[in-house]
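See structure below.
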Amino acid sequence: MCSALPRKPSLHQPARRRIRAKWVRVQASLRELGLVLLVGLSLAYLTTGVIRYLMVRSNWMTEIRDRDVHTIPKPRMGGVAMFTGFIGAVFLADQLPALTRGFQPITPEMNAVVGGAVIIVMLGAIDDLWELDALTKIIGQLLGALIMSLLGLNWTLLYIPFGDGTTVLLDQFWSVVITVLFTVTLINAINFVDGLDGLAAGLGMIAGGSILLFSLTILHDQGGMVSAYPPAIIAAGLVGVCAGFLPHNFEPSRIFMGDSGSMLIGFLLAAASTSASGKINMGLYGAVDMVALLSPIIVVLAAVAIPLLDLVMAVVRRVRKGQSPFSADKKHLHHRLLTLGHSHRNVVLLLYTWVFVVAVGAVAYSMVPAAVGHRWSCGGVDFCCLGYPGAGEAGQGGAAAAAEAGD
């Protein structure tokens, strides 16, 4: 009897095995990121109750200020509970077999995020208890951003879309400068919009979710590249802690996140954005649609568009009046919507919708055909402008209020 000849291995089999191994790794990463999100959510939810109990027992209650919307003293320091949830989520991620690729010795980025976040939360907690002046807070924010940058999380590549498109490799000096300025800007953008129950936590959750979704597309497209893990871990932790804190903070709130929470959200958004957008050589993608080519930057800007717009408007408004850019007033975007007649909860839900439409629309451009993303964005804008429940009622008799708000 003649025995069967051994089959020659196909030349494509090694490539198929590599592709299969990458896909298995991506699937494992998705499951582990879901677990990280849930742990951050659970820890933040449980720790917030403990923090509230301790603050009430210690009688550390927020005094009512002229610019405040609430009328009942409530405790702050919710940001400490959020930070506890984030640290727990990061610690878990470091123990998981797939996500551990986002930590040292492979990459220092997660250590840089935690190091900078410690400074930011300590600064915010002190401000929650004893009201620091604006200059001290800016110095502390610069220090936290600088520590993150020096520990290894920086913008290292900058894509310039003009002409044929150029990717600029930043030197150490400009890398640090851009990273620090970007981080401090986002910290203050979120801090400025934290004026209504549940607003900052919801916007942070939506913005973080859009960056997480984009990071997952990078993770899938690049077959589990190490550079895709840190932004996904940061964004998953951020979404989890915001979702865990929101039940305590949504109107009517039982505790405020304070500056320790709003500055933490802005810092983590900046860290996730820097990690997702600051290291991708977009010139490698070739001649593709400009929106898709710039999608990392667009997602970042879209996710924080509303807070940044409010920040710019506030600075311009105060400087024109000869005031400090950091002086408080009641003319932020959410204050204007309240003046127009919207209820507290309607204002928060309306701002949620705006940020969701813009951020998810930007992500859609990088995930689906441009025509589909365009339809989503246009439809969402129409809904926000024309179809949002209660918009008509709020607009009745609102012209005088709008004029007053714009003074």
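No value in this document is a laboratory result; all are computed from the given coordinates. Just so we're clear, the structure is a prediction, and the values are computed from it rather than from any experiment. Cβ: placed from backbone, ideal geometry, glycine included. Neighbour counts: every protein chain shown.
A few notes on this one:
- Formal net charge of residues neighbouring Ile138 (Cβ-Cβ distance under 13 Å; K, R +1; D, E -1): -2
- For the pair segment 163-207 / segment 88-147, the C-alpha centres are spaced 15 Å from each other.
- Residue-count net charge about Gly244 - beta-carbon cut-off 15 Å; Lys, Arg +1, Asp, Glu -1: +2
- Each of Thr100, Thr166 was scored by other Cβ atoms within 10 Å of its Cβ. Arranged with the fewest first, they read Thr166, Thr100.
- Within the shell of other residues whose beta carbon sits under 15 angstrom from the beta carbon of Leu46, the net charge comes to +2, with Lys and Arg scored +1 and Asp and Glu -1.
- Ranked by the mean number of other Cβ atoms within 10 Å per residue, highest first, peptides 246-258, 191-203 order as 191-203, 246-258.
- Between Thr166 and Val50, the modelled labels are 5.4 nm apart [label points 7 Å from Cα along Cα→Cβ].
- Additional length obtainable on full extension of the chain from Ile138 to Ile106, 0.36 nm per residue less Cα span: 8.3 nm
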